[in-house]
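K.L.:
This is the structure I want to talk about, given as structure tokens.
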Amino acid sequence: MNNLYVVKYGGTSVGSIEKIKGVAERLVKRKNEGDSLVVVVSAMGNTTNALVDMAKEVSPEPCHRDMDMLLSTGEQVSIALLSMAIKSLGHESVSYTGPQAGIVTDSSHTRARISQVDNAKISGALNDNKIVIIAGFQGVTEDGEITTLGRGGSDTTAVCLAASLECACEIYTDVDGVYAIDPRVFPEAKKLDTICYDEMLEMASLGAKVLETRAVELASKFKVPLTVALSTGEYPGTLIKERDSEMEKRVVTGLTIEEDCLMVSLNRIPFESKNITEIFARMAANNVFVDMISQTAPYNSFVNVSFSTYDSAKHQVKEIVQNLKSDYPTLDYLIDASVIKLSVVGIGMVSQSGVAADLFKLFSDNDIDFYQVTTSEISISYTIDATDRDKAVEVIAQHFEL
């Protein structure tokens, strides 16, 4: 179908009746200009958080199936109101829940993954010249159980539908695109007109909050052109697409900050592979996400290991490490919550050398200490003192013109 788009509006974009009416007006205008539209909508404003709070008042650990039943109602309110608003403007529309729209998932309640999309009903409504409105964040198992998709689920819904319908996807939110650096951290940051899937996926996984990694992953896998833009449509957004030669001329595309960071240093561990294995097995068994890892060469039959994780896991980590100390009496440790992870990203690093050298020099010239370094093909990450955040961001932004 020509001029077919999947467009997604987040919770802030439909956070009030006035905003819903504004979205309806923009959709009808586009429809009258010739676009065919499938609209994915999140729950209004803070509805999901309010539902979670209510559940916790009833039960400290609510059943995941019941949580899916509860949380899926938030989007139903949005789709019904938006459909009413469109019809009041004289255009035909139809609203579908995720299950009605043919979104089939696995059975992992509260964090389900989409396994297939049967878009027959959607295609039929489009052929009837209707604007199709679909609840994001939800689906149904093959056994008929309602599920929700977890964080970023509405973005994931939109991208999956666009892949199924073989069209572009537009994500409308409260920011006007993807910036080289979060403007809340660095107000002078430049907005990117384009960014490739690999860079966006790397930035999302390293702390950029614009899009969830699952949505970017799916867009990349199915080559869905993905635009992020301001919900009012006043400004051109950022197009996320396959890489091209022009992009590779840009050595560094963006910089991300992860402030929920904890650095754990374990010193004087007896040097045996099984000891290192045991340490990280215990972290995994307690669902502690481990990020950057560094290990020294053995000295006097001991090694030192450091790793980073989320600050929110501090109490679990402390308990695990204290238990480890009873197994390894020589062990001493430091748990440091005063660090952040800073990462630079750019596909230009694949073909151009010297980025690491430039960063080391910037840190040295500006008295910025770093504790850990990890690299991928298109990124370099450091842990540094949180007090050095603004200085580090400014000198890197100036050097790489971000």
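The values are calculated or read from the model by the stated rules, or taken from the named source; none is laboratory data. Not measured: the values here are computed from a predicted model. Don't worry about glycine lacking a Cβ; one is built from the backbone with ideal geometry, like all the others, and counts go over all protein chains shown.
K.L.:
Quick one: in segment 284-336, of everything that is charged (D, E, K, R) and closer than 11 Å to LEU266 by Cβ, which residue is modelled with the lowest pLDDT?
P.N.:
Here the answer is LYS325.
K.L.:
List pairs: first residue in segment 185-201 and closer than 14 Å to LEU226 by Cβ, second residue outside any loop (DSSP other than H, G, I, E, B) and of a type in the set (Lys, Arg) anywhere in the structure, Cβ distance under 9 angstrom, at least six positions apart or on different chains.
P.N.:
These pairs meet every condition: THR194/LYS241; ILE195/LYS241; CYS196/LYS241; TYR197/LYS221; TYR197/LYS241.
K.L.:
Another question, then. Has segment 179-193 got at least one residue that is in contact with a strand residue (DSSP E or B) (Cβ under 6 Å, 6 or more places away or on another chain), among the hydroxyl-bearing types (Ser, Thr, Tyr) and not assigned by TED's automatic domain parsing to the domain that holds TYR9?
P.N.:
yes
K.L.:
Looking only at residues that are surrounded by 15 or more Cβ atoms within 10 Å (Cβ to Cβ) and more than 20 Å from TYR382 (Cα to Cα) in segment 289-315, which one is nearest to the chain's Cα centre (by Cα)?
P.N.:
Here the answer is VAL303.
K.L.:
Of the numbered conditions (1) buried (at least 24 other Cβ atoms within 10 Å of the Cβ); (2) in a loop (DSSP other than H, G, I, E, B); (3) of a type outside the set (A, V, I, L, M, F, W, C), GLY177 fails exactly one; give the number of that condition.
P.N.:
The single condition GLY177 does not satisfy is (1).
K.L.:
Among the residues of segment 364-382, how many are more than 23 Å from TYR179 (Cβ to Cβ) and either touching a strand residue (DSSP E or B) at 6+ places or on another chain (Cβ under 6 Å) or assigned to a helix (DSSP H, G or I) (or both)?
P.N.:
So the count comes out to 7.
K.L.:
Right, next: Working carefully through the options LEU342, LEU359, find the one that is in a helix (DSSP H, G or I) and buried (at least 19 other Cβ atoms within 10 Å of the Cβ).
P.N.:
LEU359
K.L.:
Scan GLY207, GLY136 and give me the residue that is touching a residue at least 60 places away in the same chain (Cβ under 8 Å), closer than 28 Å to SER376 by Cα and not charged (D, E, K, R).
P.N.:
Of GLY207, GLY136, the one residue that is touching a residue at least 60 places away in the same chain (Cβ under 8 Å), closer than 28 Å to SER376 by Cα and not charged (D, E, K, R) is GLY207.
K.L.:
Given (1) in a helix (DSSP H, G or I); (2) of a type in the set (A, V, I, L, M, F, W, C); (3) free of Cβ contacts under 8 Å to residues at least 40 places away in the same chain, identify the lone condition not met by VAL321.
P.N.:
So VAL321 meets the others, but not (3).
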